[in-house]
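Derivation of every value follows stated rules applied to the coordinates shown; laboratory data play no part. Please read these numbers as outputs of a predicted model, since none were measured by experiment. Cβ placement follows ideal geometry from the backbone for every residue including glycine, while neighbour counts extend to all protein chains displayed.
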């Protein structure tokens, strides 16, 4: 039963994301799914909820839906109802999808939380940092036709959710406005350990980037 549910969900997600931007495509989902399974091994969680939330978390990312944050949770709920998953599990998964994004953490209000959400959130955030995170950041910047870097445009720290979502800043700024902040926002012991290594790699990359930009040996 468990494997049948996962199989149906994987097929659904692959079909829905077949034309997605490559930083938010099936391969992103697969990496987050694998990360979530790894982290879940050390946590007392409902593994099926973790797996389904990981698979469905970007089924309709708001960045590609005019900023609408309701489409993803609604689409996930409709699908989960179609495969007759238990109502309490559906509710939990939908709440995870609706509350796990970085932009949500910028809101000044208490959000839904659970250990399962923390696991999936860590898994997703791991894919936003390190070598993959760097590649995804520049891929998305190119997709949006943004500058790689402009020394005259300083990063804006401590942004509101609205300002963050509307930002069109160069990709390098995104490291300071989000990516370098994620290590200290990890929830689980495993997530924190994995994030530290990826965080340090990004710092090395930035140092090399500035050296090359400025013509230093």
Checklist outcome for this item: With Cα coordinates, the longest principal axis of the chain makes an angle with the long axis of helix 87-99, in degrees rounded to 10, of 10 degrees
Next on the checklist: I'd like the orientation of helix 26-40 relative to the chain: the angle between its Cα long axis and the longest Cα principal axis, in ° from 0 to 90, rounded to 10.
Outcome noted: 70 degrees
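Give me 172, 71 sorted ascending by neighbouring Cβ count inside 10 Å, so fewest comes first. All intermediate terms of the calculation are to be shown ahead of the outcome.
Details: 172 23, 71 15.
Fewest to most other Cβ atoms nearby, the residues stand as 71, 172.
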Next on the checklist: Suppose the chain between residue 115 and residue 44 were pulled fully straight at 0.36 nm per residue; how much longer would it get relative to their current alpha carbon spacing?
Outcome noted: 24.8 nm
Checklist entry - By how many degrees, between 0 and 90 and to the nearest 10, does the Cα long axis of helix 71-82 differ from the longest principal axis of the chain? => result 20 degrees
Next on the checklist: Across the chain, what fraction of all alpha-carbon pairs, as a whole percent, falls in each successive 5 Å bin from zero upward?
Outcome noted: 1, 7, 14, 19, 20, 16, 11, 6, 3, 2, 1, 0, 0
Checklist outcome for this item: Here the residues of the range 195-210 lying in the modelled label zone of residue 149, meaning backbone nitrogen under 14 Å from a point 7 Å along Cα-to-Cβ, are 202-210
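Highest mean first, what order results for 186-198, 118-130, 42-54, 82-94 on Cβ atoms within 10 Å? Don't skip to the end; give the middle numbers.
Working: 186-198: 18.1, 118-130: 25.8, 42-54: 20.8, 82-94: 15.1.
The most tightly packed comes first, giving 118-130, 42-54, 186-198, 82-94.
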Item to check | Packing-based exposure ordering (other Cβ within 10 Å, fewest first) of 30, 116 | outcome: 30, 116
Checklist outcome for this item: If 167, 22 are placed from fewest to most neighbouring beta carbons inside 10 Å, the sequence is 22, 167
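Mind running the shape call on the range 134-214? Use the C-alpha gyration tensor, a ≥ b ≥ c as the square roots of the eigenvalues: rounded below 1.5 for a/c, prolate if a/b tops b/c, oblate otherwise. Walk me through the numbers before you get to the answer.
On the way: a/c = 1.92, a/b = 1.28, b/c = 1.50.
Taking the square roots of the gyration eigenvalues as a ≥ b ≥ c, the range 134-214 is oblate.
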Item to check | the chain: calculated mean residue ellipticity at 222 nm from DSSP helix runs of at least 4, using -39500 (n - 2.57) | outcome: -19000 deg cm²/dmol
